[in-house]
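S.K.: Below is one structure. I have some questions about it.
The values are calculated or read from the model by the stated rules, or taken from the named source; none is laboratory data. Keep in mind that this is a model prediction, so the values were computed, not measured. Methodologically, a virtual Cβ is constructed for each residue, glycine included, from the backbone with ideal geometry; neighbour enumeration extends over all protein chains shown. The protein model used for the area step is the full one, side chains on, heavy atoms only, and it has no ligands, DNA or RNA in it. Shrake-Rupley method; radii C 1.70, N 1.55, O 1.52, S 1.80 Å.
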Amino acid sequence: SQQGEEDPQALSIQEGENATMNCSYKTSINNLQWYRQNSGRGLVHLILIRSNEREKHSGRLRVTLDTSKKSSSLLITASRAADTASYFCATDAFELTGGGNKLTFGTGTQLKVEL
Amino acid sequence: GAGVSQSPSNKVTEKGKDVELRCDPISGHTALYWYRQRLGQGLEFLIYFQGNSAPDKSGLPSDRFSAERTGESVSTLTIQRTQQEDSAVYLCASSWQGAREPQHFGDGTRLSIL
């Protein structure tokens, strides 16, 4: 299975509600990133959290990282219809020799925010 | 332009033909990545370029796939003798230096093999 796996695969909520997505991974990491992808577009970087950080905020986004459980969560507060997109976590695997050079992406969570 | 540019945005070709996809990274970004994304799936790493170092080709699925990059600028991904399973969106991303920083993505090339 993939290094990063998001849960749930799909999430449908009403505008104004909070959305929580989870990501699990398997190996030690340097950092974990969350990306958003609108239909037919490339990915847009949302937030990066380093392995020595536990929580990070950016606007309506809150990311947590639990390295002991090898998991992360992305919380979007007060969701809007424009938040409808797929959300991916990506990990930079730790390597003894110089650090990881590539990100491994999960399969994504499809978020739908309805009016 | 300010972002990563990919061309063509769409490509339809017959099975067995060769295709060439192009990526213009953000100026100054030393790292460049190619990914493949099948419908409804996550991203599959293909190849990584970092400055003048030898590229990491560990993700290329077969010897029909190859990529080149001239210095720290344009990259081309070539697929020879295309097969129907090559149908996917091919995404390019660049960053200042490798995977420890945010990657900036183009909108991809949607490749359809008939």
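S.K.: Where both residues lie in chain B, what percent of DSSP beta bridges are antiparallel, nearest 5?
M.R.: The antiparallel proportion sits near 90 percent.
S.K.: List the residues of the stretch B:38-72 for which accessible area in the full set of protein chains is at least 10 Å² lower than for the chain on its own; 1.4 Å probe, protein heavy atoms only.
M.R.: Residues losing area: B:Gln41, B:Gly42, B:Leu43, B:Phe45, B:Tyr48, B:Asp56, B:Ser58.
S.K.: Mind scanning A:Lys26/A:Lys56; A:Lys56/B:Lys57; A:Lys102/B:Lys57 and naming the pairs with a C-alpha gap bigger than 23 Å?
M.R.: The pairs that break the limit, which is 23 Å between Cα atoms, are A:Lys56/B:Lys57.
S.K.: If you take the accessible area of B alone plus A alone and subtract the pair, what total do you get in square angstrom, rounded to 100, with a 1.4 Å probe?
M.R.: So the buried area, both faces added, is about 1700 Å².
S.K.: Send over a whole-number figure in Å² for the accessible area per residue of chain B, probe 1.4 Å.
M.R.: Per-residue accessible area for chain B comes out at 48 Å².
S.K.: Considering only protein heavy atoms, what per residue accessible area in square angstrom results for the stretch A:5-114 with a 1.4 angstrom probe?
M.R.: 48
S.K.: Just to verify a number: FRET efficiency for B:Ser62 and B:Ser7, C-beta to C-beta distance, R0 = 35 Å, to 0.05?
M.R.: 0.90
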